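The values are calculated or read from the model by the stated rules, or taken from the named source; none is laboratory data. These numbers come from a predicted model, not from an experiment. Cβ placement follows ideal geometry from the backbone for every residue including glycine, while neighbour counts extend to all protein chains displayed. Quick note on the areas: whole protein, heavy atoms, side chains included, nothing else; ligands and nucleic acids left out. Shrake-Rupley method; radii C 1.70, N 1.55, O 1.52, S 1.80 Å.
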Amino acid sequence: MRDLLRVPVGEPVDLSAYDTSRHPSAGPADKAAGSRATALMAPELAELQERLYAASTAGDRRRLLLVLQGMDTSGKGGTIKHVIGGFNPSGCRVRAFKAPTAEERSHPFLWRIERALPLPGEIGIFDRSHYEDVLVARVRELAPRRELSHRYGRINRFERSLTDDGVTVVKVFLHLSYEEQRERLLQRLDKPEKHWKFDPGDIDARERWPAYRRAYEIALERCSTDEAPWYVVPADRKWYRNWAVGTLLLEHLRALDPRYPEGDFDVAECRRRLLAD
C-alpha cells in the first residue's frame, strides 16, 4: 500500500487524477470484507504498538507520527476511532489542532506542533496539523504569499529533523469528493444527534473547494519527500479508508520491527524465589 498510495516526490500533483471512492487495483472487494480485514489487523497493530513502547524502556528512541489531513467530513475522527481504537492509550497521544489560540499565534507556527510530538515509544496522531498553516492560511489569505512560500521549506526541514531523531512520519491525505461531502453534511442535518458536529461554516468552505484543492495539491507536491512522503487515501468509502490507513500503519510498524527488550535480571533465580515464597 505504501508504494500504491504514495505521492511521487518532485512531480506535479493533480488531485482530479486520484480516485476518491476506491483504488481499483488493491484492497477488499466490499464493505463486509473491508470491515473484516480492518478488524483482523487490530491484534497485530496492538502488539506492534506494545513492542514499540516496550523497546523505549531500553533506550530505543523510535516513535511514529500519523498526520491526518482532509476536507471537512473526510473522516479524520472516524479513522482514529476505527483504526487507532485498539491501541493502548498509555502509548498513544492524539492531538486535534483547531484554530490557533492567541498564545499560539504569538509563536512561530511550528511551536504548537513541537509541543505535541510523540515521545520515544509512542504513536502520535494529529487530527489536522502544521499543514493548516499552508492550507487554511493560503485559502483565507491569513499570511502573505512570500511567508507561505517559506513555510513549505520550514516544514520539510522540520520533518527531516524528526526522521533524523527516530520519528517515522506517516502523512495521510483523506481524499473526499465534493459530492460525498454534500451527502455527509446532509446526513448531519437529518439526524438531530449529529447536529453538534455540524458547522454552517462548512457550507461557506465548500464555496472555496477549488481553492482548497489547489492548496492541497501544492502542499502534497512541495512537501512529499523521501523522508516524509504523503499518501493519498480514497475517503468516499469509509470502510476502505479505514482499511487503507490501518494497512499503511501496519506496514510502517512492521518495517520498524520493534523488539521486546531482554530482562536484566536472573529469570531462574526470580522464579525460585517466587516458588519458595
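In nm, what is the difference between 0.36 nm times the number of residues separating Leu15 and Arg2 and their Cα-Cα distance?
2.9 nm
Could you work out the helix-only [θ] at 222 nm for the chain, with each DSSP H run of four or more residues adding -39,500 (n - 2.57) and the total divided by the number of residues, to the nearest 500 deg cm²/dmol?
-15000 deg cm²/dmol, from helical runs alone.
What's the center-to-center distance, using Cα atoms, between region 54-92 and region 120-195 in Å?
15 Å
In what sequence, highest mean first, do 253-260, 201-208, 121-128, 225-232 appear when ranked by Cβ atoms within 10 angstrom?
The most tightly packed comes first, giving 121-128, 225-232, 253-260, 201-208.
Give me the accessible area per residue for region 3-51, probe 1.4 Å, as a whole number in Å².
It amounts to 58 Å² per residue over region 3-51.
Per 0.36 nm of contour for each residue apart, how much would the distance between Tyr152 and Phe265 grow if the chain were fully extended, relative to their Cα-Cα spacing?
Here the segment from Tyr152 to Phe265 would lengthen by 35.8 nm.
Could you name the aspartates and glutamates whose alpha carbon sits less than 18 Å from that of Lys197, not counting residues in the same chain fewer than 8 places away?
Within the straight-line cut-off, Lys197 pairs with Asp72, Asp127, Glu180, Glu183.
Note the angle between two axes, namely the Cα long axis of helix 145-164 and the longest principal axis of the Cα atoms of the chain, as a number of degrees from 0 to 90, rounded to the nearest 10.
10 degrees
Going by a ≥ b ≥ c, the root eigenvalues of the Cα gyration tensor, does region 75-181 fall in the rounded group (a/c under 1.5), the prolate group (a/b larger than b/c) or the oblate group?
Taking the square roots of the gyration eigenvalues as a ≥ b ≥ c, region 75-181 is oblate.
Does the chain come out rounded, prolate or oblate, given a ≥ b ≥ c as the square roots of the eigenvalues of its C-alpha gyration tensor, rounded meaning a/c under 1.5 and, failing that, prolate meaning a/b above b/c?
prolate
First compute the accessible area of region 31-85 with a 1.4 Å probe, then give the percent of it belonging to carbon and sulfur atoms.
Here carbon and sulfur together make up 56 percent of the probe-accessible area.
Label points 7 Å out from Cα along the Cβ direction at Ala26 and Arg206: separation in nm?
A separation of 3.2 nm, rounded to one decimal place.
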